[in-house]
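Visitor: To start, I am sharing the structure in question, which I have written as structure tokens.
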Amino acid sequence: MGDDARGKSGRDHPSADEAVLSARLRDLGKRLGRHHPDRPSDSEPGQRPTADTSAIARGFRLSTELVAGVLVGAAIGWLIDRWAGTAPLGMVVFLLLGFAAGVLNVMRAAGVVRANTLDPPRR
Amino acid sequence: MDPIHQFQIKNLLSFGTIGGHEIAFTNSAVFMLITLGVITLLMIGATSARGLVPSRVQSLAELSYEFIAGTLRSTAGSEGMKFFPLVFSLFMFILAANLIGLIPYMFTVTSHIIITASLALLVFVTVLVYGFAKHGLHFFRLFVPSGIPKAMLLLVTPIEVLSFLSRPISHSVRLFANMLAGHITLKVFAGFVAMLGSLGFLGWLGAVLPLGLTVALTALELLVAVLQAYVFAILTCIYLNDAIHPGH
């Protein structure tokens, strides 16, 4: 795609070639943004390109988010069971809710869904 | 040779007991003071001879200021700048503590969850107090996503609350576990070098491998130390943003 544009501008005008390319990239970015308004674009900080080593950090971050959600759910369920004597209902309900919260955390951390703020942070 | 030994807390100076718990000045406290001293010296040294053309130390301090200020502005908006002292202190403390811990024979303050949990709870309580002080009960709208049918709210709101409550846990565990795991790995591989080295000539040849890995891991740990301080700071900014703009 776009072979004719590249052929015409030739090798003696690399800057014009690059300008065309960057204009096409911008256009594509705009069109993609229209299709996925929920998805933060690549230029946003949450999606910053990662080196191989910080992929470990990213994976680690996602796993702690999930575990934290489940742990909080379990702790609250246990406390409610203890105070209200509803064992094991509170634990069952809140463990499931905690799991859902953990998955939500992971999706937010990965940038799949946007954080729950209507007023988006200014970039 | 015990890889856990480096994390032991030793009492250096006991102040007596309160409620059955010994209150003591520990090696951890010593290294927290060293961390504070290093940061203070750096900042005082940077600002003592202010020049239009900055010296090396001055430009280091200016770079760290610009870095945190930029991060805070881009995530929490210019209103977030009132929290700059908090975020900058947290970032510098964690960064300096992580880096000091990488020096052999030094104690890593951030490898203890009690330290990272207190820092994370500090942020959590700040978010709660500021959020309720500024928005009152409107702060609860943080837990009510917009554009969701009424029947679903019964399910979604508890999930949002749990997600909010799990923040200090993931915030503190991430830093603590990264530092703990990194230091244990380093110690284990360095231990291999000593063990193989005691086997004679062939052992020396074999020890080259873990020695190279230790060098590589040290470089990786340097990256992790800086990265985790940055991650802690940026998450603080994101959480503060919720307190400043709880949405809707």
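Just so it is clear, none of the values below were taken in a lab; they were calculated from the coordinates. The structure presented is a predicted model; accordingly, all values stated were derived computationally and were not measured. Ideal geometry is used to build each Cβ from the backbone, glycine not excepted, and the neighbour counts take in all protein chains shown.
Visitor: Output the direction-averaged projected area (hull surface divided by four) of the convex hull of the alpha-carbon atoms of the protein assembly as shown, in nm².
Guide: 29.9
Visitor: How are the alpha carbon pair distances in chain B distributed across 10 Å bins from zero to the largest one, expressed in percent?
Guide: With a bin width of 10 Å, the distribution comes to 6, 23, 27, 23, 14, 5, 1, 0.
Visitor: OK, next. Express the relative contact order of chain B as a whole percentage, based on alpha carbon pairs under 8 Å and six or more residues apart in sequence.
Guide: 26
Visitor: Using the alpha carbon gyration tensor of segment B:79-130, what are the three equivalent-ellipsoid semi-axes (square root of 5 times each eigenvalue), largest first, in whole Å?
Guide: Calculated on Cα positions only, the semi-axes equal 25, 14, 4 Å.
Visitor: Related question: How many Lys pairs in the protein assembly as shown lie less than 28 angstrom apart by Cα atoms, where the lysines are 8 or more positions apart or on different chains?
Guide: 4
Visitor: Show me the ranking of peptides B:234-244, B:3-13 by mean Cβ neighbours inside 10 Å, starting with the highest.
Guide: Packing order, densest peptide first, comes out as B:234-244, B:3-13.
Visitor: Then there is this: Please report, in whole Å³, the volume per residue of the convex hull around the C-alpha atoms of segment B:1-43.
Guide: Here the figure is 108 Å³ per residue.
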